1. By how many nm would the segment from S83 to C198 lengthen if fully extended, with 0.36 nm per residue of separation less the alpha-carbon distance?
2. Going by C-beta contacts inside 10 Å, put F42, F97 in order with the fewest on the left.
3. Quick one: work out Rg over Rh on the C-alpha atoms of the chain, Rh as Kirkwood radius.
4. Would you work out which of A134, Q190, L156 lies farthest towards the positive end of the dipole of segment 109-203, given +1 charges on the beta-carbon of Lys and Arg and -1 on that of Asp and Glu, about the Cα centre?
5. Loop only per DSSP, at most 15 neighbouring Cβ atoms within 10 Å: give me the trypsin sites (Lys or Arg not before Pro) in segment 236-266, ordered by residue number.
6. List the residues, sorted by chain then number, that are 5 or more residues from G192 or on another chain and whose placed amide H is less than 5 Å from its amide H.
7. Could you compute the net charge surrounding T40? Neighbours are other residues with a C-beta less than 11 Å from the C-beta of T40; K and R count +1, D and E count -1.
8. Distance check, please: which entries in K173/K263; K21/K80; K21/K60; K102/K263; K60/K80 exceed 20 angstrom between their Cα atoms?
Amino acid sequence: MPRGASGGSSPDLRRFMSSEKTEAVVIRQADFSETSRVVTFFTRDSGKISAIAKGARRLKGPFEAALDLLAVCRIVFVRKSSSSLDILTEAQLISRFTPNGKNLASLYCGYYVAELLSSLSEEYDSHPVWYEEAVHTLNRLSESPNPLELILRFQLTTLREIGQLPDFDRCLKCDAPVAQDQSYVFWVSQGGLLCQTCRHTGYQQQQIQPGTIAVLNRLSDPSNSNWNRLILSPSQSQEIDHVVTTAICHALGRRPKLLRYLKDLPK
């Protein structure tokens, strides 16, 4: 298994700065110099960090394949106290991202995971559950026959972790619990549902059936380990996709760049 080595800080410098160890997913790379890169990680213990990986651009650099996009690795880094970048000193590969070669959706879904982690997380804001869900999703993408369902679950986890998961239990306006005999609409700006009595009549909104709401609750429940056994009807898939995509776009303030590639894929 490839192992990283010391990647830039001198022994004298590291003597005065404490290093941190954690697991991480590589979510972005950018060239920094002829020999170095700036690598952005989403880590288990420290949230998102950006670090200089000195020598990473060399053909036989000190980090080998540990810094490939979406690779999961163990890293050691020195956190800088100022606004400058952290310094990556070690990186050991745990697993590479291996999308299903017969399913282009798994590749785009992996890139979409990286985009959401990069765009919706904050530096040094730890989210261990979000990290574990990201790693689980990336590992499953290589074998899942329906990667879009994995991404649906990951998007709901993302919304919950950043505090923007919609309320699927009751009408936001009248506070009445969701009933099994009526449909609802999604109120994106307030992050929840409106019943037929309270819905806005000035514009068209997509109906959401109570059965779909029940599925959304099960998919977004972190304690539900059997979510992948759910079988969605075409109408449920459409309604869930509408709610989740709208919520993600609202949280991000724009449409994710990778979303258009996912929308063009066969369901």
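Values quoted throughout were computed directly from the atomic coordinates according to the rules given, and no laboratory measurement underlies them. Everything numeric in this text was worked out from a predicted model, so none of it was measured. Here Cβ is always computed from backbone atoms with ideal geometry, including for glycine, and neighbour counts include all displayed protein chains.
1. Extra length available between S83 and C198 comes to 36.6 nm.
2. If I rank by nearby Cβ atoms, fewest first, I get F97, F42.
3. So for the chain, dividing Rg by the Kirkwood Rh gives 1.05.
4. Q190
5. Details: sites: R254, K257, R260, K263; in loops: R254, K257.
Passing both the DSSP loop test and the Cβ count: R254, K257.
6. Those lying under 5 Å, H to H, from G192 are D167, W187.
7. +1
8. Working: K173/K263 32 Å; K21/K80 14 Å; K21/K60 23 Å; K102/K263 18 Å; K60/K80 27 Å.
Table pairs above 20 Å Cα-Cα are K173/K263; K21/K60; K60/K80.
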